[in-house]
Amino acid sequence: MSGYLLEARNVTKLFPAAGKKKVHAVSDVSLQIREGETLGLVGESGCGKSTLGRLLIRLLAPTSGEVRFRGENITALKDSDFRRIRKEMQLVFQDPYASLDPRMTVRDLVAEPIETWRLCGSREEVTDRVRELLRAVNVPEEFLYRYPHQFSGGQRQRIGIARAIAADPSFIVCDEPVSALDVSVQNQILNLLRDLKTSRKLTYLFISHDLSVVRYLADRVCIMFLGKICEIGDTEEIYTRPRHPYTRFLLDAVPVPDPSVRGKEIRLLKGEPPSPADPPTGCRFRTRCPRATEKCAASEPELRYIGGVQAACYYAEEGPA
Amino acid sequence: MNEMTLEVSGLTVCYPTEKGAIFPVKDVSLKVPAGSIVGIVGESGCGKSMTARAVMGLLRSPGKVTAGKVFLCGREITALPEKERRKLRGNEMSMIFQEPMTSLNPVMKVGKQVEEAIRLHTDCSREEAKRRTLELFREVEIPEAETRLSCYPHQLSGGLRQRVMIAMAMVCRPRLLIADEPTTALDVTVEAQILKLLEHLRDAGTSVLMISHNLGVIARVCDEVYVMYAGRVVEQASTERLFEQPLHPYSRGLFRSVRSLREGCETLETIPGVVPNLLRLPQGCSFSLRCPECGEKCEKTMPELLETEPGHAVRCFRAEGGEE
Ligand SMILES: Nc1ncnc2c1ncn2[C@@H]1O[C@H](COP(=O)(O)OP(=O)(O)OP(=O)(O)O)[C@@H](O)[C@H]1O
Ligand code: SF4
Ligand SMILES: [Mg+2]
């Protein structure tokens, strides 16, 4: 037993692209998630966050590498053997509009996973269970027989969450669960997710491009750039002492609601993001990195420990360039 | 005397719906002084974008401006015939949107699209238009501008597409640029670049009306801010003043809801409830249903937007006396 709930070992995912090229969506990623923790996954659009999330719960099969759940290699399992583990892993989507079937009532939407896994006997028992779940996510019971379009975005996301927790999973991938919502509603959902984590002993992979969301929820954070991990470790530590040049750019760029810092020069990233179908040799960040040297082009920096966190940069000890 | 690039007074937009008329914009007045960036902040459905569209004369039917006036550089434009309005758009005022793809032609090279915009608004030769397009691409800091001219929109990143849109909007050096959530769909590092670019344009003589739901974005670039809720302006102040002392309970709720990057916390602040349906607005203050300070008067009467001190106006009975 590895002692981790979930572990990715050298996971790689290539997608076919135009002209016999391959999109390097996730490249040689290894990470571990402990039971009960929340790992935040941040990075910019297209860096492979959603792909990695889907690989971890076997909604996608890796091109190479393996994923272990409670020490067991689930990549190698036959579908029929994986079924008992499937129930343990759920996904909450970004878009509460697209992810709920508009023709189903709330009752049926939330009952679906309960019925799929045969968790209750009679129809009444199922409905009782649905009521209980709606209470857990603060959706009033009288909405039981309404349809998704009758709800606001926040309420729909609550229903999505009720579905995700219906089969009592232990691991949930939340893929940008609040990005489509209004600011005042985002916090309601984030508080709910945090409460559910404690009351139901959940473990989360929390994907977001919003660094403040991750700051609130994640015990540890993983920063990705073009399919690779740049830096991973304790959230507080990384937010106060980023080691990787890319992490620094990311944290500096977040606009803070404080007009007194207006006019303060922000370091801007140079150039354009490299293509995932044609990643740079050596360090994937080097074409944009102010610190890059020949060494960075020649070979790829491995993740290594610096203090308590891991970073993949040859010059991670040296502070901002 | 500060010259006003844009002055809007009492603007009201009406949409007939099956269940009755709604007013997504109600009695909105605002000013954009020359050489400044003015922000409108609020949540979805508060009327930010509709205000912008009404100012541009781009309301989708059956929406209609039913009251109010819009002045561009001192000239009233609300009553102008559509042909005149069209001439203003692109020449003296232009607009960029959250998703540049919706306004770019997917099957035409981006260089060509900007070229055509130039030829539409000026009578310069094809050669001249080509040359100016390249200049504009460089001005909005498109890297490798020359090769980018012959790309199709889908071959560009979101950030580059937004730059192309800005280049297009800047063809005639408009006096006013309306930017509707221009960075919402972009990554933070790209957002920082685009905001910088907007500041450059401002310095070069184009005033900006910036619409955003993000208080961080507002704080970074705006000089003045209008907070909107359910179609109305509920607070207006200089950016410094508003961030230092928001007075409207809704503004205060928005500020409390901001998540910190620097420290974690146990529970995030929220504003209870949801944005009201415009068909079922409460009789009194639109925020009364969600307001922690709501009193009897608030439920019955709509408060006026009143100055509590010069340059700071609030639509709230509690704030009128200046009390906390
Ligand atoms: N089914 C697929 N076929 C081909 N390419 C894909 C597929 N899914 C993802 N990709 C590509 O893999 C890369 C990683 O995509 P992914 O969706 O994982 O990124 P992301 O970090 O979740 O981005 P976002 O923040 O925009 O959601 C991208 O270049 C994307 O275009
Ligand atoms: S390894 Fe080199 S290129 Fe990569 S982040 Fe570090 S300094 Fe920059
Ligand atoms: Mg994604």
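The values are calculated or read from the model by the stated rules, or taken from the named source; none is laboratory data. Bear in mind the structure is a predicted one, so any value in this text is a computation, not a measurement. Using ideal geometry, Cβ is built from the backbone for each residue, glycine included, and neighbour counts are taken over all protein chains shown.
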Within segment B:174-186, is even one residue crowded, with 20+ Cβ neighbours inside 10 Å, assigned to a helix (DSSP H, G or I) and facing chain A (nearest Cβ under 9 Å)? no
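Select the helices (runs of 4 or more DSSP H) contained entirely in segment A:26-129, then report the ones holding at least 1 residues which are hydrophobic (A, V, I, L, M, F, W, C) and touching a helix residue (DSSP H, G or I) at 6+ places or on another chain (Cβ under 7 Å). Talk me through it step by step, then tell me what you get.
Numbers: elements: A:49-56, A:79-86, A:106-116.
Answer list for segment A:26-129: A:106-116.
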Residue count, segment A:221-280, condition part of a loop (DSSP other than H, G, I, E, B), more than 11 Å from chain B (Cβ to nearest Cβ) and buried (at least 22 other Cβ atoms within 10 Å of the Cβ), comes to 6
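For segment A:27-76: of the residues being among the basic types (Lys, Arg) and away from every other protein chain (no Cβ under 14 Å), which is surrounded by the fewest Cβ atoms within 10 Å (Cβ to Cβ)?
Taking segment A:27-76 first, the residues among the basic types (Lys, Arg) are A:34, A:49, A:54, A:58, A:68, A:70.
Okay, now just the ones that are also away from every other protein chain (no Cβ under 14 Å), so A:34, A:54, A:58, A:68, A:70.
Details: A:34: 15, A:54: 18, A:58: 18, A:68: 19, A:70: 17.
The extreme case among them is A:34.
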Could you tell me whether segment A:219-231 includes any residue that is under 26 Å from residue A:4 (Cβ atoms), more than 16 Å from ligand 3 (Cβ to nearest atom) and aromatic (Phe, Trp, Tyr)? no
Subset of segment A:281-321, residues within 16 Å of ligand 1 (Cβ to nearest atom) and within 14 Å of chain B (Cβ to nearest Cβ), comes to A:285
Taking segment A:169-195 and keeping only residues that are closer than 23 Å to residue A:234 by Cβ and either assigned to a helix (DSSP H, G or I) or more than 16 Å from ligand 1 (Cβ to nearest atom) (or both), one is left with A:170, A:171, A:172, A:190, A:191, A:193, A:194, A:195
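This table checks each residue for (1) surrounded by fewer than 23 Cβ atoms within 10 Å (Cβ to Cβ); (2) assigned to a strand (DSSP E or B); (3) more than 9 Å from every other protein chain (Cβ to nearest Cβ).
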| site | (1), (2), (3) |
| --- | --- |
| B:189 | yes, no, no |
| B:217 | no, no, no |
| B:226 | no, yes, yes |
| B:233 | no, yes, yes |
| B:240 | yes, no, no |
Among A:43, A:36, A:48, the single one that is out of contact with any Gly (no Cβ under 7 Å at 6 or more places or on another chain) and more than 16 Å from ligand 2 (Cβ to nearest atom) is A:36
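Residues are listed down the side, and each one gets a yes or a no for (1) touching a residue at least 60 places away in the same chain (Cβ under 8 Å); (2) farther than 23 Å from residue A:53 by Cβ; (3) out of contact with any Cys (no Cβ under 9 Å at 6 or more places or on another chain):
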residue	(1), (2), (3)
A:221	yes, no, yes
A:232	yes, no, no
A:235	yes, no, yes
A:243	yes, yes, no
A:256	no, yes, yes
A:271	no, yes, yes
A:277	yes, no, yes
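This table checks each residue for (1) crowded, with 18+ Cβ neighbours inside 10 Å; (2) assigned by TED's automatic domain parsing to the domain that holds residue B:177; (3) closer than 21 Å to residue B:184 by Cβ.
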{"residue": "B:13", "(1), (2), (3)": "yes, yes, no"}
{"residue": "B:23", "(1), (2), (3)": "yes, yes, no"}
{"residue": "B:26", "(1), (2), (3)": "yes, yes, no"}
{"residue": "B:40", "(1), (2), (3)": "yes, yes, yes"}
{"residue": "B:75", "(1), (2), (3)": "no, yes, no"}
{"residue": "B:83", "(1), (2), (3)": "no, yes, no"}
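Is it true that residue B:209 is surrounded by 22 or more Cβ atoms within 10 Å (Cβ to Cβ), in a loop (DSSP other than H, G, I, E, B) and more than 9 Å from every other protein chain (Cβ to nearest Cβ)?
Numbers: surrounded by 22 or more Cβ atoms within 10 Å (Cβ to Cβ): yes; in a loop (DSSP other than H, G, I, E, B): no; more than 9 Å from every other protein chain (Cβ to nearest Cβ): yes.
Answer is no for this residue.
What do you reckon, is residue A:290 of a type outside the set (Gly, Ala, Ser), touching a residue at least 40 places away in the same chain (Cβ under 8 Å) and within 16 Å of ligand 3 (Cβ to nearest atom)? Let's see the steps before the verdict.
Values: of a type outside the set (Gly, Ala, Ser): yes; touching a residue at least 40 places away in the same chain (Cβ under 8 Å): yes; within 16 Å of ligand 3 (Cβ to nearest atom): no.
Judged against the criteria, residue A:290 is not a match.
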(1) surrounded by fewer than 17 Cβ atoms within 10 Å (Cβ to Cβ); (2) more than 16 Å from ligand 1 (Cβ to nearest atom) all hold for residue A:98 apart from (2)
Across (1) modelled with pLDDT of 90 or more; (2) within 17 Å of the chain's Cα centre (by Cα), residue A:95 clears everything bar (1)
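Take the residues in segment B:150-169 that are over 12 Å from residue B:186 (Cα atoms) and either surrounded by 21 or more Cβ atoms within 10 Å (Cβ to Cβ) or among the basic types (Lys, Arg) (or both); name whichever of them is nearest to the other protein chains (Cβ to nearest Cβ). Break it down stepwise before answering.
From segment B:150-169, those over 12 Å from residue B:186 (Cα atoms) are B:150-156, B:164-169; that's our starting set.
From the residues that got through so far, the ones that are either surrounded by 21 or more Cβ atoms within 10 Å (Cβ to Cβ) or among the basic types (Lys, Arg) (or both) too are B:164-169.
Working: B:164: 13, B:165: 16, B:166: 16, B:167: 16, B:168: 19, B:169: 21 Å.
Within segment B:150-169, the match that is nearest to the other protein chains (Cβ to nearest Cβ) is B:164.
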